[in-house]
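Reviewing the structure listed below.
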Amino acid sequence: MAISDDGKFAFTLPPKLKQLRLNGNELASIPKQILTPINTTTTTLEKLDVSYNNLACIPREIGNLTSLTELLLDNNVITSLPNEMGKLTKLKTLSMRNNYIQLPSTTTTTKSGTNFSSNNPQPIPSSIFINTLLIDLNLHGNKLTSTQLNEFDGFDTFLERRRVVKTKGLIGGAMDGDSTLCGLK
């Protein structure tokens, strides 16, 4: 740890850091030293756990963590994710249990589906479903139903990728026992 020019404590992450657990620290935001690296050391970060904090939003700079394969955001107060998470092209696991992900109150649903727009975006951007390698998504405990999730743009891409990966993992024709979709009913 060092003292920065403004007299505050500054820290840098160890080079080649693969995992970082900041769970249970009552953080209101993810430290910018993690998201905006001074050098390239944090691009090696593969797993970030910021569960059990007080995070209301995830900053756009999360897209800088291009080596991330697992992101744990459980038990926070998050209502939506930034489109920049689509830059996490190696992301396979995203857990957001017990947050506040739900359809915005201004969202309308018609016979043709849910209407999202730039003024009313979906809380989980399509870039996450389309541009990443995501196969494990846990949304248990959010105010969202599997029917609503199925209406999200790009979700069909995620489902197909997940189906292909899970089918390859079949042993003796048995599937995993999870009868819910992403932890939702």
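Bear in mind these aren't lab numbers, they're just calculated from the coordinates by the rules spelled out. Computed from a predicted structure; not experimentally measured. Cβ sites come from the backbone with ideal geometry, for glycine too, and all protein chains shown count toward neighbours.
Computed from the Cβ-Cβ distance with R0 of 30 Å, the FRET efficiency linking Glu160 to Lys47 stands at 0.75. In this label model, Thr12 and Gln33 are separated by 1.1 nm, measuring between points 7 Å along each Cα→Cβ vector.
Charge tally for Thr44 (other residues, Cβ to Cβ under 13 Å; Lys, Arg +1; Asp, Glu -1): +3.
Model label sites at Asn54 and Glu70, defined 7 Å from Cα along the beta-carbon direction, differ in position by 2.8 nm. The gain in end-to-end length when the Gln19 to Thr79 segment is fully stretched comes to 19.1 nm, 0.36 nm per residue minus the alpha carbon separation.
Spin-label pair Thr93-Ile130: with each label point 7 Å from Cα along the Cα-Cβ axis, the two points sit 2.7 nm from one another.
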